[in-house]
Amino acid sequence: MCGEHEGGKTADRNETGRMEHPEAERPNLEQLLDELGYQPRHADWLFMRSLGSAHQQKLLARLAGLLEIRRGKTVEKASETAGVSVPTMYRLKKLWQNEDGRTLESLASFVVRRVRGPGRKDRLQAAREVARRLAGRGGMVDDLSTKAFAHLVQERSPDRISMTAALAIARDARRRGKLTAGRLATDYGRTIVLDSCAVSLTLAPSAGHPSTIAILALVVEAGAGLILAANVSDEREAARSQEKALEQARQFIAAEGIDVAEGKPADLHVVVGPDGDVFSAMFRLAMVRRLGSDSVTARGVRRFGRAAIDVIGPDLGRLRLLPAATQGGSVSAAAIRTLGRNPVPLEVAQSVVDRTVKAHNAPILKKLRSLAILAPGGEGGIMEAALANALHRPPPPRTTRIIL
């Protein structure tokens, strides 16, 4: 009997008889979600963490049943896999087909019910329309922070919505508003942000150093929200990672041919990463000397990630930016585990980030290439000039055309 009870509940054991944590099942959950084509949100993983082992197993069974339907099996057969009645399986299928109500929490309910209360969808849609109109006015909200814009959406909405919903709606409206032809023609390429922020990836121990949270050096074009570079490091290498990201951004702009030809060099704003060794101090001084103190933020632990989040939001696919964890890794382990991440080598973390950034950039690049605002032939332009100045390297020579 020893070891079989803890807190009055039977502990889970695997086939070898050892204790097994519910998180051990999470790779199976991720596989099911991938095959179902569902990208879980941060709230989904938080909800999964709140479930006991038995309830997690019931949720996995229902997802497996939905996957069988997707593969062409009958609802009757799927209901056996899911461990529910045939009528309940039909309701689960209908619920999963409704993208507005598709969440892990909705499937885990023991009596299938609507996830959203009456009228919630209409309230959110009305708030989105308010945000769209406000964002369309350009100058009225351009100078507001995202939080101030969200408060404005709350005030102007005909029905009450939560601040969390208002923030999500405000960010989405801003992103959509930026990708209009008129806004891109005036704003794209004019401002670049270099930021440093912890991200929901844990790096495995290496070279005698313990496991640590990953730090992301982000170079973001503010007009369209295009990510020009995203380099992963640990906190000790954050400054070197930022310098490397600036060079990677130059290479990305040249390779994709996405610079803007005319105008003064873009404004580059630098948020210096965590304080560390001598190199980080040298990097800070170099940025101040080359860009001016007004363009460099290097003080205060609250500086990290704010500029990037204001442009692209806190979520990148299944990854989440964690500003408070950037200096000293002050984040609870649960905040990372909710995303199902086990410690990984640096190169694996970089690969995850690269795939995520590529998916983020794809629709933005498509939109940019449909407009006649890019430098001809991919030649150096205003963004290249700004990055070259920050790196103290001359930009590539511009091609001179002589017409005889």
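Answer with yes or no whether ALA286 is at pLDDT below 80 and small (Gly, Ala, Ser).
No: the conditions fail for ALA286.
Identify, by number, the condition in (1) open to solvent by less than 50 Å² (accessible area, probe 1.4 Å); (2) part of a helix (DSSP H, G or I) that GLU155 doesn't meet.
(1)
Please go through the range 54-83 and give me each residue that is open to solvent by less than 20 Å² (accessible area, probe 1.4 Å), touching a residue at least 24 places away in the same chain (Cβ under 8 Å) and either at positive phi or of a type in the set (Gly, Ala, Ser) (or both), ordered by number.
GLY65
If you go through the range 174-203 one residue at a time, how many are assigned to a helix (DSSP H, G or I) and open to solvent by less than 10 Å² (accessible area, probe 1.4 Å)?
1
Of everything in the range 346-384 that's modelled with pLDDT of 90 or more and farther than 23 Å from LEU179 by Cβ, which residue is surrounded by the fewest Cβ atoms within 10 Å (Cβ to Cβ)?
GLU347
Looking only at the range 135-172, how many residues end up being hydrophobic (A, V, I, L, M, F, W, C) and modelled with pLDDT under 80?
Total satisfying the criteria: 4.
Condition first: assigned to a loop (DSSP other than H, G, I, E, B), modelled with pLDDT of 85 or more and surrounded by 15 or more Cβ atoms within 10 Å (Cβ to Cβ). Now tell me which residues in the range 84-109 satisfy that.
Matches in the range 84-109: VAL84 only.
What is the residue count in the range 234-259 for residues that are part of a loop (DSSP other than H, G, I, E, B), under 18 Å from TYR188 (Cα atoms) and open to solvent by 10 Å² or more (accessible area, probe 1.4 Å)?
Qualifying residue count for the region: 1.
I need a count of the residues in the range 204-233 that are of a type outside the set (A, V, I, L, M, F, W, C), over 21 Å from ARG306 (Cβ atoms) and assigned to a loop (DSSP other than H, G, I, E, B).
So the count comes out to 4.
Note down all Cβ pairs under 7 Å where the first residue falls in the range 35-49 and is modelled with pLDDT of 80 or more, the second is part of a helix (DSSP H, G or I), and they're at least six residues apart or on different chains.
Sorted first by the residue in the range 35-49, then by its partner, the pairs are GLU35/LEU67; LEU36/LEU63; LEU36/LEU66; LEU36/LEU67; LEU36/ARG70; PRO40/LEU33; PRO40/LEU104.
The values are calculated or read from the model by the stated rules, or taken from the named source; none is laboratory data. This structure is a prediction, so every number in the text was calculated from the model and none was measured. Here Cβ is always computed from backbone atoms with ideal geometry, including for glycine, and neighbour counts include all displayed protein chains. What goes into the accessible areas is simple: the full protein's heavy atoms, side chains included, and nothing from ligands, DNA or RNA. Shrake-Rupley method; radii C 1.70, N 1.55, O 1.52, S 1.80 Å.
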